[in-house]
Every structure is written in C-alpha cells, then in structure tokens.
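Beneath this line is the structure, given in structure tokens, with notes to follow.
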Amino acid sequence: MAAGGQWTFTNAGRTQLMAGTFLFGTDTFKMALFISASNLGPATTTYAGVTGEVANGGGYTTGGNSVTLSQSGTQSVTVDSTDSTWTASGASITAKFAAIYEVGGNVLCYCTLDSAGADVLTLNGSQLQVIIDNLGVFILS
C-alpha cells in the first residue's frame with residue numbers, strides 16, 4: 001500500500017528545512033502512524049506535541065519505525081526515504097496518517113494513507129506498508 005496523499009510539510013518542518021536544521025544522512029528519523037482524531041496538521045511542531053498516535057501493541061510500537069532520509073542531486077535535490085512496514089499481530093491496526101519526524105525534534109512532513117482521506121484498517125496478520133514514491137518524499141528545484 002502506498003501513501004494515498006502527497007507528503008505535506010508542517011510549517012515548522014518547512015522552516016527547519018530551510019534553516020538547515022535537518023541533517024539527512026546524519027540525524028535519526030522515524031515514521032509514525034496516527035489516527036483520524038490526531039491534531040497532526042500544518043501547525044504541528046514537535047513529535048511530542050502530536051496527539052492521537054496509534055496505540056502501542058497489535059504490531060505497532062509507539063514512536064513508529066526508523067527510516068533513513070537521503071538526498072541526491074545538486075540543481076534539483078531529491079529527498080528520499082526508506083519504506084516502512086507494520087504487521088498487525090494479535091489485533092488490527094487502524095491509521096489515517098503517517099508522519100516523518102526527527103527523533104527528539106520536529107515533524108518534517110505527513111501524509112494521509114488513503115487517497116479519499118479514510119482510515120486504513122489493517123487486519124490481524126496483514127501488513128500496512130507505507131511505500132515512498134519513486135520520486136522521493138520531496139524535490140527541491
């Protein structure tokens with residue numbers, strides 16, 4: 001399953017990116033899942049301030065999975081990420097959003113998991129995969 005919506009910068013994520021705060025290839029990043037009642041959106045700043053993360057258990061661990069962000073190019077810079085997979089175990093996983101954040105820092109960006117904006121239900125024994133587009137998470141040109 002691919003991310004249904006485009007990755008959207010948070011306001012703080014965009015500012016931190018332009019200020020050079022995020023060091024891709026050096027800083028530690030994670031991808032976490034959030035429910036529809038989350039306050040995740042443009043005004044989100046830090047991961048610690050986001051409410052509505054998927055509950056720990058059933059194949060999901062609070063904080064999400066580690067991902068590696070990398071950049072390539074010079075005139076047009078592509079920032080890419082590794083994909084992330086969760087296997088529902090003993091229970092289902094229901095999520096609406098995925099977010100990429102710097103551990104101990106700001107949320108960089110987020111996306112909806114379903115193109116129609118609905119919750120995604122992953123049944124016990126199935127996998128929820130967030131697959132990054134071939135073009136990467138974003139391109140600066």
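Taking the Kirkwood radius as Rh and the Cα radius of gyration as Rg, the chain has a ratio of Rg/Rh equal to 0.95.
The magnitude of the dipole of the chain, with charges of +1 and -1 set on the Cβ of Lys/Arg and Asp/Glu and taken from the Cα centre, is near 140 debye. Report relative contact order for the chain in percent, whole number only (criteria: Cα-Cα under 8 Å, sequence separation at least 6). 35 percent. Placing pseudo-labels 7 Å out from each Cα toward the beta carbon at Leu123 and Asn56 gives an inter-label distance of 2.9 nm.
Any read-out appearing in this document is the output of simple, stated calculations on the displayed coordinates, not a laboratory observation. Quantities reported herein were computed from a predicted structural model and do not represent experimental measurements. Cβ sites come from the backbone with ideal geometry, for glycine too, and all protein chains shown count toward neighbours.
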